[in-house]
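K.L.:
What follows is a single structure, and I will ask about it in a moment.
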């Protein structure tokens with residue numbers, strides 16, 4: 001498991017997650033995504049309503065939405081799953097949360113949801129955490145955001 005901590009040093013509007021989703025490898029977008037524990041500055045998409053506990057959405061559709069309008073995700077956990085994983089299978093486990101989740105800061109990185117490959121976590125409008133079993137996700141984001149910090153190193157301090 002690899003991870004990054006990203007802050008607002010190089011990107012003026014970091015929480016416009018289109019900047020992150022536009023860098024993800026196609027294989028990551030060809031999965032289903034669970035968005036949970038989210039709070040936004042506005043809710044312009046009917047697919048991501050303010051009153052839902054979570055959203056289950058195709059990754060390519062999610063990227064498309066995020067590119068339509070800038071939305072700040074103050075809190076949120078974005079978890080992806082293989083295309084053949086069903087929503088029913090995913091919700092058999094606790095829905096991932098960011099707020100109050102101390103495990104995000106463990107030196108041993110692991111995803112919040114046991115079935116996911118990649119998680120992107122918006123943390124209190126101050127940080128993004130990216131954790132992935134796919135090294136290409138981390139490598140691509142490090143190239144795009146050179147100020148990002150290795151999450152294992154950060155959590156070990």
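Each reported figure results from applying straightforward, stated rules to the coordinates on display, with no laboratory input. Quantities reported herein were computed from a predicted structural model and do not represent experimental measurements. All Cβ positions, even for glycine, are placed from backbone atoms using ideal geometry, and neighbour counts span all protein chains on display.
K.L.:
On full extension of the chain, what length is gained from residue 156 through residue 110, given 0.36 nm per residue of separation minus the C-alpha to C-alpha distance?
P.N.:
Values: separation 46, 0.36 × 46 = 16.56 nm, distance 1.40 nm.
This chain segment gains 15.2 nm when fully extended.
K.L.:
What 222 nm value per residue comes from the helices of the chain, counting each DSSP H run with n ≥ 4 as -39,500 (n - 2.57) and dividing by all residues, nearest 500 deg cm²/dmol?
P.N.:
So the calculated ellipticity at 222 nm is -5500 deg cm²/dmol.
K.L.:
Sort 55, 90, 77 so the one with the fewest other Cβ atoms within 10 Å of its own Cβ comes first.
P.N.:
If I rank by nearby Cβ atoms, fewest first, I get 55, 90, 77.
K.L.:
Hey, another quick one. Would you mind getting me the FRET efficiency between residue 1 and residue 85? Use the beta-carbon distance for r and R0 = 25 Å, nearest 0.05.
P.N.:
Efficiency, rounded to the nearest 0.05: 0.85.
K.L.:
At q = 0.17 Å⁻¹, what log₁₀ I(q)/I(0) does the chain have when each alpha carbon counts as one equal point scatterer in the Debye sum?
P.N.:
With no solvent term, the Cα-only Debye profile gives -0.97.
K.L.:
Need one word for region 77-144: rounded, prolate or oblate. Basis is the Cα gyration tensor (sqrt eigenvalues a ≥ b ≥ c); a/c below 1.5 gives rounded, then a/b vs b/c decides.
P.N.:
The shape class here is oblate.
K.L.:
Find how many whole Å separate the alpha carbon centroid of region 65-97 from the alpha carbon centroid of region 103-156.
P.N.:
If you average the Cα positions of each part, the centres end up 15 Å apart.
K.L.:
Now, a different point. What distance in nm separates the two pseudo spin-label positions at residue 147 and residue 22, each 7 Å out from Cα along the beta-carbon direction?
P.N.:
1.8
K.L.:
So if we plug the beta-carbon distance of residue 60 and residue 125 into 1/(1 + (r/R0)^6) with R0 = 22 Å, what FRET efficiency do we get, rounded to 0.05?
P.N.:
0.25
K.L.:
If I take every Cα pair under 8 Å that is 6 or more residues apart in region 2-156, average their sequence separation and divide by the length, what percent do I get for the relative contact order?
P.N.:
The normalised contact order for region 2-156 reaches 36 percent.
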